[in-house]
Each structure stands twice: as C-alpha cells, then as structure tokens.
Amino acid sequence: MLKTNETPNNRRILSVLIFTILFILSSGFYSYPSRKKTQTKKADYIEIWHSFSQSKKELLNSQIERYNNLNQSIKVKSVFKGKPEDLYLDLLARENLPSIAIVPTFYLKVLAEMDLIIDLGGYLPSKLKKDIPEKFWDSVTVNGKIYGLPFIYTFPVFFINQNIIQSRGIPYTEEPANWDQIFNTLKRIKETTDKYGVYIPTDSLYDYIEYVESYTDKKVYFKDRIDISSDSAIEAMDVLQKAIYELRYMPEKLTPEEAQNMFFSGKLAIILSDASNLVNFKSTIPYILGVWPLPFGKNTRPMLIGTSFVIINSSKRYENESYKVLEYLLKYENILRWYTHTGAPPIRNSIKESLELLVFYEENPNHLIITNEAEKADVFNPDFDYISYNKIVKKAIEEIIINEKSASLIMKKAQSELEALQK
C-alpha cells in the first residue's frame, strides 16, 4: 500500500479550508464577478428620457425599435418622465441619469451651468449646422457652446370643428385677422348652438405670453424679463375672465386635457392647442378639422417653443454611443416623419424644400397653414429661470381664471415677485 505523510490533523485542516472556500463562493462574499456583471448590464442599453404624449411616444418608440433592429451591440430604450418640468427636476436630482434626454430648450442654461449636459460642438457636421437656421442654434447655445440638437419646435394654433363653424355660416378658411373677429364668431356660436365657443389654455408662462401678445399686439416677453402688469396685459386677462364667467363663451375651470376631451366629443367649437397635436386631433375626432393661426399685429409675432436632444455628462464611451443614436434619430427620413405624423412645422431647410413635403402639403393643407405661420415666428429662448417665473405666473393666472380675483391686483403683485427674482 502507498504510504503518505497525511495525518488526521492535516486532513481536518484541509477539510476546513475547502469548506471555507466553498462557503465564501456560494454566499457572495467573493463579489468581483457580480460587480462586473452589473457594469455589463449598465452597458447593455442607452436610455432616453422624454415627456412626450402618447402619440409622440409611439412615434419615438417605433424609431428606437428600428434602430435596435439594425444595431445588435448596445440597445436603446425610452423612459417617459411625466411633464417636462418633472423630467427637468429628475435630471437635477442626478440619480440614475439617462444617456440622452429630450428637454425644452429653456432648461438648457441651468443644465449646462450645472455640468449635467455636454458641449456637442465637436460632434456636429457642418452639413447639419447649415441645414438648420441660426435662430434654432441660438436657442440651444449657452455661453457660446452648443448643448442641444434642435428637434421639435411648435406653437399654439386654433383647431376648429368645421362642422359647427360652417353650420353657423362662417367659412372655416376665413382666418380671423384680429380678436374682434374671433369674439364675433364666438357670439354667433353662443347664440345659435348649445356648444361652448372656445378654450384658451393659460396653463403656463408660455401659453400666457402667446395669448396676451396676440390679443394686445404689445410685447410682454423680453429675453431677460416679462412685464405682466401693463394696462393692456391686465385688460387681456379681464377679457378672458369675462369670456368665461359672464359671456359663457369658454367652459370654466377645465384642464387642457379635459378641454381636449370636450373638443373631441363635439361640445366645443374651437380649442387653442399645440400645433404638433394636429395629426392626433385629426385621427381622434369624427368631424372635419380646420386650423386658424393666432392673429398677431405689427408689433408682435408667434414664438416657437422648442425641444432638443441633449447628451448627459457621462463616460466618453457613452457620449460616442449616444451621438450615434442621435445621428440615426435625426436622419432625413426619421425627421420627416416627425413633421408629417405630428403637425409640428419643419425647421430643416432640406426638408422644407423637399418634393416629399410639397406633395404632402397638397393633400394636407392644415400642415401648410402651420408651416407658413412658423416662418414668421421667433424662437422662445428666455434668459431667466423659467421654472421660477412660470410658478409665479401660473399662480397669478389661477387666482384670476379659477378663483375670479381682480386681474389688476393679482398681476401687479405677481410683477413685484418677478422683479424680486431679477435682483
């Protein structure tokens, strides 16, 4: 028999050692492989945060799906973050940040100053820069650096239930030149139908600016400030309050979503809403849809409000991979679908001049109305903290429109609060 130097003591030590190693491996104390697995999982996809409505979300997801089918390395997924302000605040929280976000351009200044997003200047091909007019690049530029890729720019227009308007003998193609004509139309609707005439949202600072500047033909918005306490601005709010509670042209105390449902059901003749809702509205309503631009005078013009793609400040690898995703989403055929499948006006010269779009306009004249109006527009790009200003103005509007308080008193008080922010 073969002899060894093994003793009972040695065997016991060896058994204990083997048991200890097996225990460590099975209990997870040997943790390096699990960390490596987590890192690999993180690299499996690029996340895009957005705040799009259902129809726009479906369009975005369809393009992401096509990208994923073409690219087998790193996948892309979208995450809905609620309202734009919710998305913005989640970015500021810096927890579980995405690789890409689609954000309103008026948030870029703060995001750039907090080093949350990267300068995209080094990525941009000269062809893309030339294809997009300068005013849109200005809206994504902070301190001389480009932090966003211009995406969807839009503005409010009147959507018209043509069946109601035409039954009152009002040609739907007759775009109102001023607010007197609008109120004459609302009066006829009130006198001859059981429908409400119009819904005008005042749910944000931007909504307020568009309505008041259209009604007064006087500026209330300046790049670094707003003036909501002038006599004409106060008159505009008095008129809106009267249209709701005295003349009954407008339903009271509705959210924009509730007003949309009323419009879809045929109980509301006209609604002021985002131009990019055109296709969604057309596919939802059972009647003929028309479009009227807001009337502006010699001193004011419509303002486009924009969203842009931003890349979140992360590792260099994620920056490069993220830009590849954006290159795909910004390809000609993909961007063209955003214009034809939403109602937002085109901003890229190559698309505005394309044969595809000209043919599309022949069959879809409402889109052409929106595009022509957008050509006159400025771009909304405030040089102030939009969230803080918006909070003050929204509260003031609620006091006037919901609680029926005096527009003069409320707006003068709100103006003092706005001016305090500038000091």
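The values are calculated or read from the model by the stated rules, or taken from the named source; none is laboratory data. Keep in mind that what you see is a predicted model, and the values were worked out from it rather than measured. Positions of Cβ are backbone-derived with ideal geometry, glycine not excepted, and every protein chain shown enters the neighbour counts.
In table form, for the structure just shown:
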item: Criterion (more than 21 Å from TYR123 (Cβ to Cβ) and either among the charged types (D, E, K, R) or free of Cβ contacts under 8 Å to residues at least 12 places away in the same chain (or both)) met by exactly one of LYS316, LYS298, LYS331; result: LYS298
item: First in the range 343-359 and more than 16 Å from VAL157 (Cβ to Cβ), second anywhere and assigned to a loop (DSSP other than H, G, I, E, B) and modelled with pLDDT of 95 or more, Cβ under 8 Å, 6 or more apart; result: ILE347/ILE132; ILE347/PRO133; ARG348/ILE132; ASN349/ILE132; ASN349/PRO133; LYS352/PRO346; LEU357/PRO346
item: ASN163 being farther than 15 Å from ARG348 by Cβ, out of contact with any strand residue (DSSP E or B) (no Cβ under 7 Å at 6 or more places or on another chain) and not assigned by TED's automatic domain parsing to the domain that holds ILE312; result: yes
item: Residue in the range 283-297 that is of a type in the set (Val, Ile, Thr), within 20 Å of GLN166 (Cα to Cα) and either in a loop (DSSP other than H, G, I, E, B) or not assigned by TED's automatic domain parsing to the domain that holds TYR208 (or both) present; result: yes
item: Test result for LYS395, under 26 Å from SER139 (Cβ atoms), among the charged types (D, E, K, R) and part of a helix (DSSP H, G or I); result: no
item: Residues of the range 362-387 classified as without any contact (Cβ under 8 Å) to a residue 60 or more places away in the chain, surrounded by 15 or more Cβ atoms within 10 Å (Cβ to Cβ) and not polar (S, T, N, Q), total; result: 1
item: Test: residue in the range 403-419 that is in a loop (DSSP other than H, G, I, E, B), more than 22 Å from SER53 (Cβ to Cβ) and of a type in the set (A, V, I, L, M); result: no
item: Any hit, the range 367-382, residues being outside any loop (DSSP other than H, G, I, E, B), farther than 23 Å from PHE158 by Cα and either of a type outside the set (A, V, I, L, M) or not assigned by TED's automatic domain parsing to the domain that holds SER273 (or both); result: no
item: Subset of the range 133-160 (residues that are among the aliphatic types (A, V, I, L, M), more than 18 Å from the chain's Cα centre (by Cα) and assigned by TED's automatic domain parsing to the domain that holds HIS367); result: VAL142, ILE146
item: Hey, SER314 of a type in the set (S, T, N, Q) and not assigned by TED's automatic domain parsing to the domain that holds TYR211 or not; result: yes
item: Residue within the range 327-346 that is more than 22 Å from the chain's Cα centre (by Cα), surrounded by fewer than 22 Cβ atoms within 10 Å (Cβ to Cβ) and farther than 24 Å from VAL142 by Cβ present; result: no
item: Options ILE312, ILE305; residue that is farther than 19 Å from ILE182 by Cα, surrounded by fewer than 22 Cβ atoms within 10 Å (Cβ to Cβ) and β-branched (Val, Ile, Thr); result: ILE312
item: Where ILE189 falls short, out of the listed (1) hydrophobic (A, V, I, L, M, F, W, C); (2) within 22 Å of the chain's Cα centre (by Cα); (3) farther than 20 Å from ILE335 by Cβ; result: (2)
item: Residue, farthest from the chain's Cα centre (by Cα), within the range 274-301, restricted to residues that are surrounded by fewer than 15 Cβ atoms within 10 Å (Cβ to Cβ) and among the polar types (S, T, N, Q); result: ASN299
item: Scope the range 383-392; condition part of a helix (DSSP H, G or I) and of a type outside the set (S, T, N, Q); matching residues; result: TYR386, ILE387, TYR389, LYS391, ILE392
item: Test: residue in the range 104-115 that is under 15 Å from SER308 (Cα atoms), exposed (fewer than 14 other Cβ atoms within 10 Å of the Cβ) and within 22 Å of the chain's Cα centre (by Cα); result: no
item: Strands (runs of 3 or more DSSP E) within the range 131-234 that include 2 or more residues of a type in the set (A, V, I, L, M), farther than 29 Å from ASN313 by Cα and in contact (Cβ under 8 Å) with a residue 12 or more places away in the chain; result: 156-161
item: Matching residues in the range 61-103 - criterion: being of a type in the set (Asp, Glu), in a helix (DSSP H, G or I) and either under 20 Å from TYR318 (Cα atoms) or not assigned by TED's automatic domain parsing to the domain that holds VAL140 (or both); result: GLU65, ASP90
item: Test result for LYS127, of a type in the set (Lys, Arg), assigned by TED's automatic domain parsing to the domain that holds GLU257 and either over 30 Å from ARG94 (Cα atoms) or not in a strand (DSSP E or B) (or both); result: no
item: VAL212 vs. criteria closer than 19 Å to PHE158 by Cβ, of a type in the set (A, V, I, L, M) and at pLDDT 95 or above; result: yes
item: Criterion: in contact with a Phe, Trp or Tyr (Cβ under 9 Å, 6 or more places away or on another chain) and charged (D, E, K, R) - qualifying residue of GLU363, GLU398, GLU404; result: GLU404
